[in-house]
There are 2 protein chains.
Amino acid sequence: MKDTEQDIIDSAILIFNEDLSAPLEKVAEQAQTTRRTLHRYFKDRKELMDSCQKEVRKTCHAAMLKAYNSSDDPMEKLERMFYAGVDCGTKHSFLHKLHTMHDHSHQAGNEECSGYDNTFHVWKSHLQYLLETGKINPVLTLDWIHHLHHGIVAASIATQTARKMPDAELKKLAWVSFSRAISI
Amino acid sequence: MKDTEQDIIDSAILIFNEDLSAPLEKVAEQAQTTRRTLHRYFKDRKELMDSCQKEVRKTCHAAMLKAYNSSDDPMEKLERMFYAGVDCGTKHSFLHKLHTMHDHSHQAGNEECSGYDNTFHVWKSHLQYLLETGKINPVLTLDWIHHLHHGIVAASIATQTARKMPDAELKKLAWVSFSRAISI
DNA sequence: GGGCAATGTCTCAGATTTGTGACATTACCC
DNA sequence: GGGTAATGTCACAAATCTGAGACATTGCCC
């Protein structure tokens with residue numbers, strides 16, 4: 001019981017995250033299928049890329065929202081959202097990468113961009129709240145903490161893929177680091 | 001007074017860091033020159049890539065060593081090395097990326113890999129020392145802190161390129177975050 | 001201005017990547 | 001077994017990328 005289309009999308013996210021212009025052969029290989037099959041599901045590179053964008057936005061957005069609503073304690077909300085980021089793994093990184101690329105000019109008018117902004121709106125407004133209520137080091141800016149969040153999530157994923165330790169333990173470690181980094 | 005060869009290498013590092021398989025046209029464009037000129041300095045893609053690797057290793061290695069020797073205080077050594085990482089910017093990220101890629105099998109036998117290991121050997125052994133002497137949260141592992149270091153440096157660079165604040169101020173902020181993240 | 005080195009323009013052949021058609025193979029349901 | 005949907009194999013043309021030759025242009029030193 002396997003979903004080829006989903007496998008291809010997941011593989012593409014994995015590959016494109018490391019190498020945006022990688023040949024589609026690599027994606028097919030990662031998905032353990034052939035380029036021919038890939039093209040049966042996606043007309044061309046652009047369509048595949050669009051599906052990837054949609055996928056990462058959908059997944060991350062849902063995970064963020066769920067995490068946000070999973071607790072009443074403000075700091076715990078942040079913790080859950082942090083774990084959500086790690087759980088989304090490569091998708092989380094890819095989404096962020098696409099919108100912080102050197103040539104990418106971020107604009108609210110673009111649908112992709114507003115989707116991205118929307119995904120992290122919950123996180124950002126909550127962080128703004130934590131800053132205002134003095135739960136977080138006021139020296140730090142919202143933008144810095146946002147990048148920091150992504151940086152530490154990326155570090156978690158890198159450590160995971162290197163299989164240095166169990167996922168649950170690592171997540172906890174990463175959260176310890178992040179929470180201390182932004183604490184008063 | 002400009003050094004075309006160096007411009008091309010720097011541009012290549014910038015481009016390849018984001019898109020490893022980007023066409024050489026993009027690199028030339030970034031260097032404000034043409035593909036033809038690029039090929040006058042570098043026989044082919046491989047040769048350019050090799051030059052990039054050599055460049056990042058050389059630059060980062062020198063910066064790390066200099067930072068390490070610029071202070072006697074153990075914690076200050078770490079701080080200086082952190083700043084060195086931020087100053088090396090994209091080069092630092094690129095070096096790390098090349099050796100933590102999904103397909104890249106890291107092996108000491110390879111010259112590139114031993115060069116990479118060598119570059120961060122100073123940092124790692126110093127961190128080991130800080131861990132053993134109880135200057136750093138003993139819950140954290142060396143490998144985790146290594147990835148964390150790279151993650152926060154990457155976040156700094158991302159924030160820099162977004163021009164959110166002056167470099168010096170940002171570096172300080174980033175260090176505050178990093179030092180707290182690993183503190184007891 | 002003459003000479004010279006560096007670079008740009010135009011061109012092109014070869015290599016690689018891409019998208020698709022035709023048909024074989026496999027897996028599974030009835 | 002027959003039918004069918006999904007996938008694999010092979011083939012191929014179009015598009016793109018790559019590397020290099022031929023020659024024009026630019027900038028600079030004397």
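Using alpha carbons only, the radius of gyration of segment B:15-115 set against its Kirkwood radius gives Rg/Rh = 1.05.
As a size descriptor, the averaged projected area of the C-alpha convex hull of the protein assembly as shown was calculated at 20.5 nm². Backbone geometry of segment A:18-25 corresponds, through the Karplus equation with coefficients 6.51, -1.76 and 1.60 at θ = phi - 60°, to 3J(HN,Hα) couplings of 8, 8, 4, 9, 4, x, 5, 3 Hz, x marking Gly and Pro.
Computed with the Debye formula from one identical point scatterer per Cα of chain A, without solvent, the log10 of I(q)/I(0) at q = 0.19 Å⁻¹ comes to -1.33.
If I take all pairs of Cα atoms in segment A:1-42, what percentage of them are more than 16 Å from each other? The answer is 23 percent, as a whole percent. A DSSP coil position with no more than 16 other Cβ atoms inside 10 Å describes the following trypsin sites (Lys or Arg not before Pro) in segment B:109-184: B:135, B:163, B:164. Phi angles of segment A:151-168 translate, via the Karplus equation with coefficients 6.51, -1.76, 1.60 and θ = phi - 60°, into HN-Hα couplings of x, 6, 4, 4, 4, 4, 5, 4, 5, 4, 4, 7, 6, 7, 6, x, 4, 4 Hz per residue; Gly and Pro are given as x. From the residues B:31, B:119, B:131, which one has its Cα farthest along the dipole of chain B in the positive direction, the dipole being from +1 and -1 charges on Cβ of Lys/Arg and Asp/Glu about the Cα centre? Value: B:31.
Is it possible to state the helix-based mean residue ellipticity at 222 nm for chain B, with each DSSP H run of 4+ residues giving -39500 (n - 2.57), the sum divided by total residues, to the nearest 500 deg cm²/dmol? What is it?
Mean residue ellipticity, 222 nm, calculated: -24000 deg cm²/dmol.
Computed from backbone phi with θ = phi - 60° and the Karplus coefficients 6.51, -1.76 and 1.60, the 3J(HN,Hα) list for segment B:135-150 is 8, 10, 3, x, 5, 7, 9, 4, 5, 4, 5, 4, 5, 4, 3, 5 Hz; x is used for glycine and proline. The separation of segment B:129-178 from segment A:16-92, counted between C-alpha centres, amounts to 26 Å. For the segment B:154-163, counting C-beta atoms of other chains within 10 Å of every residue's C-beta and taking the mean gives 5.
A short reminder: the numbers here are calculations on the coordinates, not readings from a lab. As the structure is a computational prediction, the values presented were derived from the model and not from experiment. Cβ atoms come from the backbone with ideal geometry, glycine included; neighbour counts cover every protein chain shown.
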